[in-house]
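Heads up: the structure comes next, in structure tokens.
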């Protein structure tokens, strides 16, 4: 079994993030590993196709502020140093991969949705993280049918 030194937990900041954070905290403690938390805010123009003729900059700023507050609350509950919290913007899977490389993380922990059927095993972000990762990925089953 590998000895992990740096664990990156990707949180979506929903209620389901608590299950991912709980597993990440337990793994980091058991492995005596550094724990980093990341949340990626997807720009509204990416999420909605980029062809919307409106300025969403104030809404985007509010989303960033709310995400930062929530990420810090999760970090405090898990005793994770705020210096190990990363709030990024862009495509979630690409940003997680890039941060993983920067941190030299050897394990990424993400949430997966417990829907039935192989095609619905992972959400699109978790699936993207899994398929582009250069290290181990642990998908924590969250949501339905636990």
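No value in this document is a laboratory result; all are computed from the given coordinates. Note that this is a predicted model, so its numbers are computed, not measured. Note that each Cβ is placed from the backbone with ideal geometry, even for glycine, and that neighbours are counted across all protein chains shown.
For a quick protection proxy, order the peptides 59-70, 31-42, 132-143 by their average other-Cβ count within 10 Å, most packed first.
31-42, 132-143, 59-70
What nm distance separates the two modelled labels at residue 19 and residue 102, each placed 7 Å from Cα along Cα→Cβ?
2.9 nm
Sort out for me the Cα centre separation of the range 69-113 from the range 16-42, rounded to whole Å.
Here the answer is 8 Å between Cα centres.
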